[in-house]
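To start, the structure itself, in structure tokens.
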Amino acid sequence: MIFKESKVLILQNLRSTVREEKSVKKSIESRFFSSKLSINQDGLQNDFIENFKAVSGEVHILEKKKSLTAKINEFLQELDTQAVSFWRTGPLESLEITSDTDPASADIGITGVDFAIADTGTLVILSNTNQPRLTSLLPPIHIAVLKKETIVPNIHALFVKLGKFYQNYNKLCSCISFITGPSRTADIELNLTLGVHGPGRVIVIII
Amino acid sequence: MITKRIDFKKNSVQALANPKLKKALVNFTDRSRASRKKAVSEISEWEDLRLEARRIKEQVIKDLDSYLLELEESITRVGGKVHWAKDAEEASKIVATIAKENNVRNVVKSKSMATEEIELNKYLISRGINTVETDLGEYIVQLCNDHPFHIITPAIHKTKEDISKLFSEKFGVPEYEEPQKLANIARKELREKFLSADMGISGVNFAVAETGTIAIVENEGNARLATTYPDIHVAIMGIEKIVPKFEQLSIFLSLLARSATGQKSSTYVSLITGPRREGERDGPRQFHLVFLDNGRSQIAKSEETKESLYCIRCGACINICPIYRQVGGHSYGWVYSGPIGAVITPQLNDLNKTADLPFVSSLCGACRDVCPVKIDFPHVFLSLRQKIIEQAREKPNPREFMEKIAFWIWGTVFSKPFYYNFMGKIMFFLQCFYRKDNELQRLPYPFSKWTRDKNFPAFSKNPFRERWKKKYQVKGKAPR
Ligand code: SF4
């Protein structure tokens with residue numbers, strides 16, 4: 001339904017406001033780069049781990065000699081399930097798991113991570129044909145495989161990086177999800193409860 | 001839309017009489033104040049972020065028309081559709097029409113103040129479309145046919161006992177008291193709703209003009225579900241929600257999470273740019289964005305109060321407000337409460353019916369100090385008050401005359417030490433009928449309103465001025 005007159009009306013109302021020249025936008029990168037943050041990748045990883053754990057997330061670092069498949073199989077055994085839904089991109093391409101379940105009926109969803117933010121403990125996941133959104137959302141447990149070198153210091157640095165990544169924003173993907181720990185609510189007498197809609201456990205494996 | 005005059009006094013007296021509510025409010029405001037404070041102190045650039053955010057918002061509201069057109073263009077470019085609604089009625093009609101055209105039967109909603117404002121649920125349900133709130137707090141509120149109590153935590157006025165009884169009644173489960181168990185029940189009930197929904201409705205926290213991206217911030221994941229699973233996604237935004245540039249989101253996202261709940265980041269932020277792309281396996285196939293004016297373009301015109309539109313709905317002003325802490329959300333009579341409610345409700349509705357609200361502030365300015373976009377609340381309150389008084393002046397008003405006399409007496413007594421002393425003495429004798437435990441309780445009319453809710457300290461036989469004089473008598477003249 002189109003209310004043509006409404007558009008005209010709203011714009012007319014707004015045009016009667018006082019006008020000035022649009023101001024020129026300054027770059028935000030340097031101004032909001034907090035000095036307290038670690039700048040080397042090891043420091044960023046430590047910050048990320050600390051902050052992600054603070055929001056009830058779980059973090060494991062992949063041991064040098066172990067393969068990702070072995071590590072993930074350990075989890076599957078421990079959780080006693082084969083109902084897994086997973087992506088086949090990046091480090092997950094070589095994953096040897098036989099079953100691939102629909103996310104709606106899977107117990108575990110396994111995804112990659114495109115970026116992570118150290119000072120908030122946030123995973124950033126982009127959607128595309130090989131990276132469906134529901135894998136990180138419907139199953140009660142989400143395992144996320146994070147490459148250490150994709151951790152950035154803070155959210156401002158992230159947006160600068162996203163800007164570079166997309167060069168021109170016309171190619172922006174349909175959904176960028178920021179995930180900071182498991183799903184939570186405090187709606188019942190302010191008690192923290194996990195997993196009310198999204199996953200109740202989020203396990204990050206850093207490689 | 002408000003149809004009846006909001007009687008703040010009556011509402012607040014009711015709220016004050018409820019001790020359970022009082023406890024919940026104190027507990028809630030204490031905790032949210034403390035966690036916000038901590039989160040804010042963690043980053044050194046907090047003040048810079050606030051200044052920058054305010055600067056951006058000033059620019060947006062000033063050029064809102066061109067930003068709206070830019071956003072419409074961007075949304076269209078990425079395959080979405082924009083609808084313009086001048087008021088609540090139109091916005092609801094637009095949503096209902098989209099639903100009808102696509103044979104939608106089941107709608108899942110994530111939390112959105114704009115949809116509360118236009119009472120979208122009622123509209124859709126009355127047209128035979130099942131509409132379910134999916135934010136846990138909102139869901140509880142909807143199940144009891146109530147209204148949200150707070151813009152961030154809608155159900156703080158319900159105890160676990162209330163909720164466990166409610167769930168047991170509605171779903172035939174035992175009366176669990178553990179919040180985790182209650183949440184699990186809600187998860188199960190609502191998951192079914194998500195999987196059978198044909199349309200998801202969400203609000204918008206920020207909309208980026210240059211890219212057509214909308215940002216949705218939440219903790220539960222219900223907004224992600226509502227905007228991913230159903231085939232149609234309809235988002236409704238107040239026209240003031242625009243952010244010009246994509247990277248400016250980082251500023252607003254930092255401010256919002258820390259101000260609202262004291263988190264470094266909310267659990268989920270979804271940046272959605274149009275419907276699913278070719279080849280993608282999930283995400284909505286249709287994306288609609290409704291621009292809701294509903295009085296906002298009028299506010300943008302007012303030099304004095306347009307900053308009310310800078311608000312990012314974090315709720316910090318509500319949590320810090322000493323009045324909200326006492327009287328709670330429902331006293332404000334509409335969807336927005338606390339200081340932001342007291343300034344926005346009268347501007348989005350008939351001022352005559354909402355004239356109580358701009359007076360619901362002690363002008364202490366605590367709200368201004370916490371507001372991430374630095375809204376100068378005392379200033380806005382005063383200019384709204386001025387408007388109300390000016391409108392009232394147009395009709396003769398016996399009360400105004402009485403007030404004039406009262407203030408004249410007050411002014412005379414307080415400006416001359418002699419009168420002041422004399423009145424003090426008279427009062428000391430007059431008060432003997434009302435005095436109890438050195439306090440005045442239940443004064444007669446017209447002073448009875450003062451002592452209705454609190455006691456007045458009694459006039460002393462030996463007032464401070466006398467004691468001061470006596471103390472210095474020995475040394476000569478008392479300093480004034
Ligand atoms: S007015 Fe300021 S403090 Fe209040 S809700 Fe809006 S942004 Fe937050």
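Remarks
- Region B:147-199, subset part of a helix (DSSP H, G or I) and small (G, A, S), residue nearest to the other protein chains (Cβ to nearest Cβ): B:A183
- Spans of helices (runs of 4 or more DSSP H) in region B:308-360 with at least 3 residues within 14 Å of the ligand (Cβ to nearest atom): B:316-320, B:338-348
- Qualifying residue in region B:195-203 (condition: surrounded by fewer than 24 Cβ atoms within 10 Å (Cβ to Cβ) and among the β-branched types (V, I, T)): no
- The residue of region A:146-179 that is nearest to A:D119 (Cα to Cα), among those that are at the interface with chain B (Cβ under 9 Å from one of its Cβ atoms) and part of a loop (DSSP other than H, G, I, E, B), is A:N154.
- Test for B:V204: is it part of a loop (DSSP other than H, G, I, E, B), more than 8 Å from chain A (Cβ to nearest Cβ) and at pLDDT 95 or above: yes
- From the list B:R385, B:R368, the one residue that fits, being within 12 Å of the ligand (Cβ to nearest atom), of a type in the set (D, E, K, R) and part of a helix (DSSP H, G or I), is B:R368.
- Flag if A:I203 is more than 10 Å from chain B (Cβ to nearest Cβ), farther than 28 Å from B:L49 by Cα and surrounded by fewer than 21 Cβ atoms within 10 Å (Cβ to Cβ): yes
- Exactly one residue among A:T135, A:T81 is more than 15 Å from the chain's Cα centre (by Cα) and at pLDDT below 95, and that residue is A:T81.
- Search result, residues across region A:125-136 that are in contact with a helix residue (DSSP H, G or I) (Cβ under 8 Å, 6 or more places away or on another chain) and more than 9 Å from every other protein chain (Cβ to nearest Cβ): A:I125
- Qualifying residue in region B:162-182 (condition: open to solvent by 20 Å² or more (accessible area, probe 1.4 Å) and touching a Pro at 6+ places or on another chain (Cβ under 7 Å)): yes
- Selection of helices (runs of 4 or more DSSP H) fully inside region B:1-79 by the criterion of at least 3 residues being among the basic types (K, R) and open to solvent by 80 Å² or more (accessible area, probe 1.4 Å) returns B:19-41.
- The residues of region B:280-299 that are under 19 Å from the mean Cα position of the chain (by Cα) and away from the ligand (no atom under 16 Å from the Cβ), listed by number, are B:L292, B:D293, B:N294, B:G295.
- Residue pairs meeting the criteria (Cβ under 8 Å; at least 6 apart or on separate chains; first open to solvent by 20 Å² or more (accessible area, probe 1.4 Å), in region B:271-284; second in a loop (DSSP other than H, G, I, E, B) and hydrophobic (A, V, I, L, M, F, W, C)): B:R277/A:C173
- Subset of region B:108-130 [in contact (Cβ under 8 Å) with a residue 60 or more places away in the chain, open to solvent by less than 50 Å² (accessible area, probe 1.4 Å) and not in a helix (DSSP H, G or I)]: B:V108, B:K109, B:S110, B:S112, B:I118
The values are calculated or read from the model by the stated rules, or taken from the named source; none is laboratory data. If you're wondering where the values come from, they're calculated on a predicted model, not measured in any experiment. Every residue, glycine as well, gets a Cβ built from its backbone with ideal geometry; the counts of neighbours run over all protein chains shown. Heavy atoms of the whole protein, side chains included, go into the accessibility calculation; ligands, DNA and RNA do not. Shrake-Rupley method; radii C 1.70, N 1.55, O 1.52, S 1.80 Å.
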